[in-house]
Structure formats: C-alpha cells, structure tokens
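See below for the structure under consideration.
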Amino acid sequence: MEKGMKLKVRKELDGRQQSNIIKLKGSLISKGYTEIIHILDQDEEFHINSFDIESGTDSEVREFITAFIAREQLEDSVSIFS
C-alpha cells in the first residue's frame, strides 16, 4: 500500500534555494522513495509538492527530508506539509 506525502515549497526562491530544492526532489526519486512528484499551487506564496511513498518508509523519508532541509538551510523555503 502506498502513502501520500506533501511538501510545502515557497514560490519566491533565490537561485541557491531553487537549486537545492530541485536536488531534494531528484534525491527522493533517485533513492527510490517515489517515482513522480506532482506540483500544485496552494496560494500566492506556496506550491504543494505531493508524491506517494511505500507504506512503512514514512519515518525514513521524513528523516531524509528533514536532514536535507537542515543541511542545506532550507527551513524558510520548504517543509513537510501535514
């Protein structure tokens, strides 16, 4: 069974932030956590990036995303959306 996960991504990003968010999404795909990421507008400030992950990998994926956000200092740009 698959489980959905969402990221809330700020629309206004500088070049470094934009590059790092692309790396995050690419890493999620290359590590096999997901195959495709859907992007929808939430409002004028944010996009919602949604993707499916395998059931049972939720904690691992959350830890990976949280560590990536901290390492690349993206706390103001992207967050896990509940």
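The values are calculated or read from the model by the stated rules, or taken from the named source; none is laboratory data. Here the structure is a predicted model, which means the values were calculated and not measured. Glycine gets a Cβ as well: all are built from the backbone with ideal geometry, and neighbour counts include every protein chain shown. In case anyone asks, the SASA skips ligands and DNA or RNA and just uses the protein heavy atoms, side chains included. Shrake-Rupley method; radii C 1.70, N 1.55, O 1.52, S 1.80 Å.
Here D58 meets each of (1) free of Cβ contacts under 8 Å to residues at least 12 places away in the same chain; (2) among the acidic types (D, E); (3) open to solvent by less than 60 Å² (accessible area, probe 1.4 Å) with one exception, condition (1).
Looking only at residues of segment 20-44 that are in contact with a Leu (Cβ under 9 Å, 6 or more places away or on another chain) and among the polar types (S, T, N, Q), we find that the one that is nearest to G56 (Cα to Cα) is T34. Taken over segment 32-46, residues that are closer than 11 Å to K11 by Cα and either part of a loop (DSSP other than H, G, I, E, B) or in contact with a Cys (Cβ under 6 Å, 6 or more places away or on another chain) (or both) amount to 4.
Residue pairs whose Cβ atoms lie under 9 Å apart, sitting 6 or more positions apart in sequence or on different chains, and linking a residue in segment 9-22 that is within 15 Å of F68 (Cβ to Cβ) and without any contact (Cβ under 8 Å) to a residue 40 or more places away in the chain to a partner that is among the hydroxyl-bearing types (S, T, Y) and crowded, with 16+ Cβ neighbours inside 10 Å, are Q18/S77.
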